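Taking it in order: structure first as structure tokens, then the write-up.
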Amino acid sequence: MATYEKNFTNAEYQRRIAKTRLAMSAAGLEAIVVCDPSNMSWLTGYDGWSFYVYQGVILTHEGDPIWWGRAMDVLGARRTVFMDNEDNIRGYDDTFVQNPDKHPMQELAILLSELGLETANIGVEMDNYYYSATAHMKLLEGLPTANFKDCSGLVNWQRAVKSEREIEYMQRAARIVEAMHARILECAEPGMRKNDLIAEIYVTGIRGADGFWGDYPAIVPMAPSGMDATAPHLTWDDRPMENNEATFFEIAGAHRRYQCPQSRTLFLGDVPQKYRDAESAVLDAIDAGLAQAKPGNQAQDIANAFNATLNKAGFEKDSRCGYAIGLSYPPDWGERTISFRRGDTTILEPGMTFHFMPALWLDDGGLEITEPILITESGHECLCTTPRELWVK
């Protein structure tokens, strides 16, 4: 049925499903309804910009998963999912879309009942961008005898260790973000409108690198300058870049929905000594953190080593300094599982991928020098070769 080029083999999808079912059994769940588009794609291969309406994947302990969504998106499901049985692709009528008198979860409740789940323990992703309070209320009303449990993160955690093909996609995305940073360094200059520079970033990212095409990143470029760069999540406008100020660029290359974020900071003009001091402290702290990035260590070991080194140099960072990355859709390129911070005792395993994100925000700007990393059998690999330094033009 699928005519779209598949990203993975059926065997890989079945391996993922088997792994998820073990987690379901441990949680006492007979079925799960997954609404996170990243989890939907990971389990079935579905890929489409349809997450603005209600959709999901139903997984029980038998048979292939069922993709459920808007009727017009059934055609996209047929072209992208690995399931080849029409019964495993279900669509609801368009009159349910954004209609105050009807709700798609009413149709989902009927489908779950048809599957014999009217009294089952069913997991739903309650703490997720794509599952609303109204959706949950309607599902409870439509299936009052079922026992709904929160399974937020259940599938996310199964995604932590990447397969060889997933790592290959992230390496391709790494080549793309390298090209994006190279383009920034090449064309950024005083007087250039910020939106024109962002256009260059987008063009480079979508064209791709090394013959591999660029997908859309899960987050837009973060590129604040000067005082705007004292905040972490501002984007851009049409103001020209100015001399004697810093701009950090938090961007990602993406390939087949796999994200490889990386940040660098560019200073136009003469660099103040405090920026050099911050650069030196951050680079030393990165080295200390990376020394702990190896299998068998805990996620907090990286954060503790990073923060201890940073503190010795007179700087502090009160937020986490890294998180898991991989397959993602907007609004976030993180996997929402493992974090590099004190108290996260997750054991690092080969095949895990992270954005080591040791950013500093100063009183008159920001400094971001970050690295996407892969945990290997013997240590770690930095996915990108972008020079690790404060850029100056």
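The values are calculated or read from the model by the stated rules, or taken from the named source; none is laboratory data. Here the structure is a predicted model, which means the values were calculated and not measured. Neighbour counts are summed over all protein chains in view; Cβ atoms, including those assigned to glycine, are modelled from backbone coordinates with ideal geometry. When the accessible area is computed, the model is the full protein with side chains, heavy atoms only, and any ligands, DNA or RNA have been set aside. Shrake-Rupley method; radii C 1.70, N 1.55, O 1.52, S 1.80 Å.
Things worth noting here:
- Averaging the Cα positions of each part gives two centres, and for the stretch 264-340 and the stretch 194-212 these lie 25 Å apart.
- Size of electric dipole in the stretch 1-95: Cβ of Lys, Arg +1 and of Asp, Glu -1, about Cα centre, debye, nearest 20: 300
- Residue-normalised accessible area of the stretch 249-393, expressed per residue, 1.4 Å probe, Å²: 34
- Accessible surface of MET192 - all protein chains present, 1.4 Å probe, nearest 10 Å²: 40
- Of the three principal axes defined by the Cα atoms of the stretch 1-135, the extents in descending order read 42, 36, 27 Å.
- Based on the Stokes-Einstein relation at 4 °C and a viscosity of 1.567 mPa s, and on the Kirkwood radius from alpha carbon pairs, the stretch 268-366 is assigned a translational diffusion coefficient of 90 µm²/s.
- The chain: angle of helix 299-312 to the longest principal axis, Cα-based, in degrees nearest 10: 20
- Once the 1.4 Å probe is applied to the protein heavy atoms, the stretch 117-174 comes out at 44 Å² accessible per residue.
- Considering only the stretch 1-150, percent of DSSP beta bridges that pair antiparallel, nearest 5: 40
- For peptides 19-27, 328-336, sequence by mean Cβ density within 10 Å, most packed first: 328-336, 19-27
- Between amide H atoms placed 1.01 Å from N, distances below 5 Å from GLU245 occur with LEU268, all of them 5 or more places distant or on a separate chain.
- Rounded to the nearest 20 debye, the dipole magnitude of the stretch 228-382 is 500 debye, with +1 charges on Lys and Arg beta carbons, -1 on Asp and Glu beta carbons, and the Cα centre as origin.
- Between the listed residues GLY91, ILE122, LEU75, the Cα displaced farthest toward the positive end of the dipole of the stretch 75-122, a dipole computed from Cβ unit charges relative to the Cα centre, is found at LEU75.
- Farthest toward positive dipole pole in the chain [+1 Lys/Arg, -1 Asp/Glu at C-beta], among ALA18, THR134, ALA199: ALA18
- Net length gained if the chain between ALA18 and VAL392 were fully extended (0.36 nm per residue, minus Cα distance): 129.6 nm
- Carbon + sulfur, % of accessible area of the chain - ligands and nucleic acids excluded, 1.4 Å: 49
- Candidates per GluC sites (Glu not before Pro) in the stretch 1-108, loop by DSSP, up to 16 other Cβ within 10 Å: GLU5, GLU62
- Rounded Å value of the spacing that divides the Cα centres of the stretch 52-111 and the stretch 15-49: 15
- The alpha-carbon of LYS162 sits under 20 angstrom from the alpha-carbons of these lysines, leaving out residues fewer than 8 places away in its chain: LYS6, LYS19, LYS294.
- Taking 0.36 nm per residue of separation and subtracting the Cα-Cα distance, full extension of the segment from PHE148 to SER163 would add 2.3 nm.
- Degrees between helix 164-187 axis and first principal axis of the chain (Cα, 0 to 90, nearest 10): 40
- Cut-off 14 Å (backbone N to label point 7 Å along Cα→Cβ of VAL97), residues of the stretch 39-78: 49-55, 69-77
- Selection of chymotrypsin sites (Phe, Trp or Tyr not before Pro), the stretch 51-148, meeting DSSP coil and at most 16 other Cβ within 10 Å: TYR52, TYR129
- Accessible area ranking (1.4 Å probe, heavy atoms, ligands and nucleic acids excluded), largest first, for TRP213, TRP42: TRP213, TRP42.
- Answer label, with Kirkwood radius over Cα pairs in Å calculated from the coordinates and candidates (1) 20.5; (2) 32.7; (3) 22.3: (3)
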